[in-house]
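The next block holds one structure in the form of structure tokens; read it before the comments.
Every read-out reported here was derived from the displayed coordinates using simple, explicitly stated rules and does not represent laboratory data. In this text the structure is predicted, and so the values were computed from the model without any measurement. Every residue, glycine as well, gets a Cβ built from its backbone with ideal geometry; the counts of neighbours run over all protein chains shown.
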């Protein structure tokens with residue numbers, strides 16, 4: 001090797017090795033200080049993207065578990081109120097049985113009716129005031145609410161709550177469901193309910209051109225609608241305006257149709273027809289339907305019970321039994337949804353654990369390996385520094401030649 005004063009190649013090589021060792025030492029110290037193998041994109045660009053996606057999923061699962069727990073809380077709140085409503089109905093049934101007994105005088109039955117009236121009021125108060133976070137649960141306004149129980153969009157579980165007030169639960173003796181559906185796009189017409197307690201009318205409208213459709217209800221033209229949600233809202237608004245109680249319209253679980261269900265009393269009726277849409281399509285035209293109901297006994301709902309006579313007391317027993325059955329059905333749904341949400345939470349926890357483990361393998365530092373790497377680079381740094389000092393002395397050897 002030539003002896004040069006202007007260019008000290010050995011020193012330059014020692015400097016390069018020292019810089020590499022110092023840089024590697026700093027990287028190891030950063031990883032050990034943060035606990036992460038990937039602290040910036042330069043450490044592992046692909047790994048950073050993958051770990052970030054996993055972080056989003058893990059955080060989403062955490063929120064989803066909280067949402068599912070909120071769903072359980074809603075169901076528990078509603079069920080607790082329904083338990084008390086059941087207790088009230090059981091007491092009303094006892095009073096009805098007592099009033100139906102021939103040993104009671106008119107005064108005795110009048111006294112019993114006073115308690116029944118108070119219980120009717122309390123039953124309605126419970127349905128009106130039971131709420132969760134300011135949202136009423138049992139007055140019929142809740143409908144179906146979806147709970148986001150997944151880390152991605154549309155991973156939901158719905159909870160449906162009906163009107164459990166004294167003026168909404170009971171039975172009617174006579175009712176009918178009729179329809180004359182001429183359109184091929186009406187996919188289902190279902191009469192549901194056992195024991196004459198309720199009937200539901202279910203159908204689905206399709207409009208391939210996504211244009212507006214005009215709906216007529218009880219000879220009144222509703223605002224033009226474009227989807228199932230606006231259709232249900234328009235029907236409910238008109239039913240309220242017409243004074244028809246016991247019937248509600250709600251978007252079905254698929255989000256593409258409308259379910260109309262409930263009990264119609266005192267001869268009330270409604271009719272739904274759809275007209276040709278703006279584009280001139282007639283595939284959803286010609287859909288008249290009606291639902292009528294009447295109650296011979298006058299005891300359609302718990303709110304109308306009157307046990308001041310033996311006949312009224314006998315009729316009240318059937319109405320109360322039907323009302324208890326309706327509440328039991330709602331409680332069964334709530335119990336099932338609580339169990340489902342519980343299993344959902346368990347599954348979400350399992351997924352979160354496994355995804356967290358996978359992210360850890362990508363993102364987290366291996367302390368044993370990184371500690372060994374740090375020791376190695378520190379030794380190399382020290383040796384490079386020593387060799388740099390030796391290399392810097394090489395040009396001075398030229399002085400011995402002078």
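The spacing between the stretch 99-171 and the stretch 353-385, judged by their C-alpha centroids, is 62 Å. Ordering 382-395, 61-74 by mean Cβ neighbour count within 10 Å, with the highest value first, yields 61-74, 382-395. From most to least packed by mean Cβ count within 10 Å, the peptides 82-89, 301-308 give 301-308, 82-89. Residues 326, 112, 164, ranked from the fewest to the most other C-beta atoms within 10 Å, line up as 112, 326, 164.
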